[in-house]
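Please read the structure below before turning to the comments.
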Amino acid sequence: MLEFIFWLSVLGLAHTYIFYPLSLILLDAIAQRRRTLRRTAPTSSLPTLSVSVIVSAHNEARCIASKIRNTASLDYPRDRLELLIGDDGSTDETGKVAQQVDADFVRLIRAPRGGKAAMLNRLAAEARGEIFVFTDANTLLESDALQQLLSHFAEPRVGCVCGHLVLASAREAGQSEGAYWRYETRIKEYESRRGVVLGAAGGLYAIRKRLFRPLPAGMIADDFVVSMRAALAGYEVRYERAAVAHEEAADDYASEFRRRVRIAAGNWRGLHVVRALLAPSVGFVAYALWSHKVLRWFGPALLSAALVSSAVLAGSPVYAVALAAQLSFYAVALLNVLGVRVPGAGLARHFVAMNAALALGAWKYLRGDTAPIWAPTARTSG
């Protein structure tokens, strides 16, 4: 039984991190050989859709003016664009700063602190655009980002499009996060070719207005739920690498860890909302969701099972080697915590911290501790 547990755990981890991405590459190669890949219609053939850029903000006085100016600089007709900023009970001058920026396409909506989901629902109810573009106050879009996102909506089967979020930080924590993000980005690219990107990045994604449904009260993983509801409705969810947005990664491991715990807890609740996608009858979407998300979220349990079972079975050379490899990996991560520079130690630490956050997030979800209130992550630049 212990051997079964060990190999099942190893297989689960290998599938979510290695075999699933490889299966996407294989499916893409087969599709290209059969010439069945669908191409996005060129931007020139797309009617100019009206767009509502939606931003929920709490205590973002430091960056809200830059966000407005950045939106104004986008290469998109001003008469087809509106920016809705929701001031979610800010205690700084977020609202005042937003009103001082000379931009006639901005609408500021204030409300007592209620959390991001409640504010997004309020903003969506006020939005007039055919397409909703969700983004964050500290996320800056490149000038053609909207054009790149919207090009996909020329195809009626497309319901949601995720942009390419570029994370930047001068610190090692942010660099490790960036390396992992690049790995995830490659997976999204291949998923997109199958029409099934599993969850948008909250920094930049777009959805048809008619597909947006109010988020459940207290929902944290709003980006995951909104995009997966589009898939649940039978629409494709795509990824557009050319729709680039820039955002700072967390400045330190503590900030990143807290963010991941909050997201992990929210993801479990979000999964419950779109649980119908887990049914095998859904097809490839179910395979992708189980492989990329559910198994990944069970990663802490699989890692623990592999470690404990190999320790008990260490009398056998195979399991002794497996135990030594695991302990060495965790030791490398610990060396990074202690400030010892070893090649790959930053990524090892990031992986361990990510799984610890997943475990704590799952525990918080099981306890019902998923408060809807959030605070902006501290960053060095304005």
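One residue is enough: does the range 112-120 have a residue meeting the conditions under 19 Å from R208 (Cβ atoms) and within 22 Å of the chain's Cα centre (by Cα)?
Checking the range 112-120: at least one residue is under 19 Å from R208 (Cβ atoms) and within 22 Å of the chain's Cα centre (by Cα).
For the range 203-240, the tally of residues that are part of a loop (DSSP other than H, G, I, E, B) and either among the aromatic types (F, W, Y) or surrounded by fewer than 23 Cβ atoms within 10 Å (Cβ to Cβ) (or both) stands at 10. Could you list, in sequence order, all residues of the range 297-346 that are small (G, A, S), under 26 Å from K364 (Cβ atoms) and exposed (fewer than 14 other Cβ atoms within 10 Å of the Cβ)? Listed by number, the list holds a single entry, S304. Here is the figure for the range 153-162: residues that are touching a strand residue (DSSP E or B) at 6+ places or on another chain (Cβ under 9 Å) and either surrounded by fewer than 18 Cβ atoms within 10 Å (Cβ to Cβ) or outside the structural domain of L81 (by TED's automatic domain parsing) (or both) total 2. State whether the residues of the range 325-332 include one that is at pLDDT 90 or above and either within 22 Å of the chain's Cα centre (by Cα) or within 20 Å of W181 (Cα to Cα) (or both). Within the range 325-332, none of the residues are at pLDDT 90 or above and either within 22 Å of the chain's Cα centre (by Cα) or within 20 Å of W181 (Cα to Cα) (or both). Taken over the range 82-111, the criterion of being in contact with a His (Cβ under 7 Å, 6 or more places away or on another chain) and not acidic (D, E) is satisfied by G89, S90. Counting residues in the range 108-120 that are surrounded by 15 or more Cβ atoms within 10 Å (Cβ to Cβ) and either closer than 12 Å to I68 by Cα or among the hydroxyl-bearing types (S, T, Y) (or both) gives one or more.
Among the residues of the range 1-58, those identified as modelled with pLDDT under 95, of a type outside the set (A, V, I, L, M) and in a helix (DSSP H, G or I) are D28, Q32, R33, T43, S44, S45.
From the list L165, L141, L146, L150, the one residue that fits, being in contact (Cβ under 8 Å) with a residue 24 or more places away in the chain, within 26 Å of P21 (Cβ to Cβ) and surrounded by 21 or more Cβ atoms within 10 Å (Cβ to Cβ), is L165. Kindly indicate whether A231 is small (G, A, S), within 22 Å of H292 (Cα to Cα) and not assigned by TED's automatic domain parsing to the domain that holds E184. The answer is no for A231. When you scan the range 77-92, do you find a residue that is part of a loop (DSSP other than H, G, I, E, B), at positive phi and at pLDDT below 90, even just one? Scanning the range 77-92, I find no residue that is part of a loop (DSSP other than H, G, I, E, B), at positive phi and at pLDDT below 90, so the answer is no.
The values are calculated or read from the model by the stated rules, or taken from the named source; none is laboratory data. Every value quoted in this text rests on a predicted model; they were computed, and no experiment measured them. Please note: Cβ atoms are built from the backbone with ideal geometry, for glycine as well, and neighbour counts cover all protein chains shown.
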